[in-house]
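Visitor: Next up is a structure, given as structure tokens.
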Amino acid sequence: MRKRLAATAAFALPLPVWAHGAVKGVDAFYDGALHLLLTPAAAIALLALGLALGQRGLQAARPALGALALALLVGLCFGAAPGPAAARELLLALAVLAGLSVVLHRPWPPQALAAIAALAGAAAGWVSAPGAATGAVRFGGLLGAFVAALLLAACAAGLVQQARPAWARIGVRVAGSWLTASAVMVLMLVVVRG
């Protein structure tokens, strides 16, 4: 009876796990890309940023995409080193900011959008860098994470830019609200669990 109770308690009260190891069956490039996409804070923040960039217009969003790429490189390069514990929380807060601007349809000025993109890129790179790998495997993982992050943000921006009918623009705002709600829920989970 005690063993069964202990086993039930062990399965009912799992500890939070944020990291995920290598995805079996894929090479380093795809592992890096999937690692970034499977990190909720990074995926939510980059998708919300992409929606905000698309609402601003691709021409006005080009400096922000450049800032995202540069900051992402920096974050990925330093990601294996011990860094700010609040990088995940920063990503979620930036996702809330970007998501709310999409929901309210109040685009940021280009300079502010570039600053948000740079912060999101550095933090996403920091939390998504493959830590234990070395050499070619590490480089492949870094390259995969870099490409996945840029594609996620740029493709989201491009899709929003193509949203011409009123119903499609409403759909973009609904997606922004879902991303904002998701970011707030994950942020509260992080804060509560400490």
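Visitor: Can we say Ala163 is modelled with pLDDT under 95, within 20 Å of Leu58 (Cα to Cα), surrounded by 13 or more Cβ atoms within 10 Å (Cβ to Cβ) and of a type in the set (A, V, I, L, M, F, W, C)?
Guide: yes
Visitor: Just one of the numbered conditions (1) at negative phi; (2) small (Gly, Ala, Ser); (3) surrounded by fewer than 20 Cβ atoms within 10 Å (Cβ to Cβ) is not true of Gly135; which one?
Guide: (1)
Visitor: In this structure, does Arg106 turn out to be among the charged types (D, E, K, R) and either crowded, with 16+ Cβ neighbours inside 10 Å or closer than 18 Å to Leu187 by Cα (or both)?
Guide: Spelling it out, it is not the case that Arg106 is among the charged types (D, E, K, R) and either crowded, with 16+ Cβ neighbours inside 10 Å or closer than 18 Å to Leu187 by Cα (or both).
Visitor: Can you tell me which of Ala69, Ala95 is farther than 22 Å from Ala175 by Cβ and at pLDDT 95 or above? Spell out the reasoning first.
Guide: Working: Ala95 fails: farther than 22 Å from Ala175 by Cβ.
The match here is Ala69.
Visitor: State which residue pairs qualify: first residue under 16 Å from Cys77 (Cα atoms) and touching a residue at least 40 places away in the same chain (Cβ under 8 Å) and inside segment 23-46, second residue assigned to a loop (DSSP other than H, G, I, E, B) and among the β-branched types (Val, Ile, Thr) in any location, beta carbons under 8 Å apart, and separation of 6 or more residues or different chains.
Guide: Here the result reads His35/Val23, each pair linking segment 23-46 to a residue that is assigned to a loop (DSSP other than H, G, I, E, B) and among the β-branched types (Val, Ile, Thr).
Visitor: Only one of these conditions is not met by Leu151: (1) closer than 29 Å to Asp27 by Cα; (2) touching a helix residue (DSSP H, G or I) at 6+ places or on another chain (Cβ under 8 Å). Which number is it?
Guide: Against the list (1) closer than 29 Å to Asp27 by Cα; (2) touching a helix residue (DSSP H, G or I) at 6+ places or on another chain (Cβ under 8 Å), Leu151 comes up short only on (2).
The values are calculated or read from the model by the stated rules, or taken from the named source; none is laboratory data. All values reported here derive from a predicted model rather than from experimental measurement. Positions of Cβ are backbone-derived with ideal geometry, glycine not excepted, and every protein chain shown enters the neighbour counts.
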